[in-house]
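The values are calculated or read from the model by the stated rules, or taken from the named source; none is laboratory data. Note that the coordinates shown come from a computational prediction; the quantities given were computed from them, not determined experimentally. For the accessible areas, the whole protein counts, side chains as well, though only heavy atoms, and no ligand, DNA or RNA atoms are used. Shrake-Rupley method; radii C 1.70, N 1.55, O 1.52, S 1.80 Å.
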Amino acid sequence: ADAILKEADDFCNAQMEEAKIEIEKEIKGFEKKSLASRKLYKEKTKSSAGFRERNAILNNKQKCINDVIESAICKIENLDATEYFDFLEKLFNKNVQSGTGVMYISTSDKDRMPEDFVKKIEKIAKEKNGSITIEDSRDNVENGFVLVYGDIEENCQIKALFNGQLDRLKDIANRELFG
């Protein structure tokens, strides 16, 4: 009986040792998985935080660029009458076409228009083998003007000029501000 008990005891001890070894292997496996999961979670968290930081910086840069562009538009719109109409004259000279055209200008611009502006515009049109008449705004022209030659319209409003070149202006502003 003692021999049987000893054999059973040895068998149980051997089984317990094997079970301990298996359990230790499983624990080490779980620890490895847990460590890998923590490492992955840490990397994902760092990556996510980095992305949010870069995104916030980009959004702030875009806001700064938009503010600079809005400031430039505002500056042009608020030039004194002489400078403003010199600007419009140059803009007209760049966009005038031959033929008979109409310049639609805002009521507020027409009210502050220098006396010689119409003559200057007519002279420029004549030099380009054309003629131009200035009329009150249509379609809510704000600042600047819209030129109409038959079916062709050229929007020379200040905001439209900036909007037409927005990507280019943003690239320039980005280079200058954050280069």
In sequence order, calculated HN-Hα J values of region 2-12 (Karplus, 6.51, -1.76, 1.60; Hz; x Gly/Pro): 5, 5, 5, 4, 5, 4, 5, 5, 4, 4, 5
Mean ellipticity per residue at 222 nm, deg cm²/dmol - from DSSP H runs of n ≥ 4 across the chain, formula -39500 (n - 2.57): -25000 deg cm²/dmol
Taking H placed 1.01 Å from N in the peptide plane, check which residues at least 5 places from Ser106 or on another chain put their amide H under 5 Å from its amide H. Gly144
Set of lysines near Lys110 by C-alpha distance (under 26 Å), chain-local residues within fewer than 8 positions excluded: Lys75, Lys90, Lys94, Lys119, Lys120, Lys123, Lys126, Lys128, Lys159
5 angstrom amide H check on Gly130, placed H, neighbours 5+ away: Gly99
Rounded to the nearest 10 Å², what accessible area does Cys64 have for a 1.4 Å probe in the complete protein model? 60 Å²
Under the Karplus relation with 6.51, -1.76 and 1.60 and θ = phi - 60°, whole-Hz ³J(HN,Hα) for region 41-55, x at Gly and Pro, equal 4, 4, 5, 5, 5, 4, 4, 5, 5, x, 4, 4, 5, 4, 5
With Cα atoms, 0 to 90° folded angle of helix 81-95 axis to the chain main axis: 80 degrees
Distance histogram for region 99-179 (every C-alpha pair counted, 10 angstrom bins, percent rounded to whole numbers): 17, 39, 26, 15, 4
Could you please state how large a percent of the accessible area of the chain is carbon and sulfur, counting protein chains only and using a 1.4 Å probe? 53 percent
Determine ³J(HN,Hα), in whole Hz, for all residues of region 27-38 in sequence, where each value follows from phi through the Karplus function 6.51 cos²θ - 1.76 cosθ + 1.60 and θ = phi - 60°; x replaces Gly and Pro. 4, 4, x, 5, 4, 4, 4, 5, 5, 5, 5, 5
Averaged per residue, what accessible surface does region 93-179 expose to a 1.4 Å probe, in Å²? 64 Å²
Relative contact order %, region 1-148, counting alpha carbon pairs below 8 Å whose residues are six or more apart: 22 percent
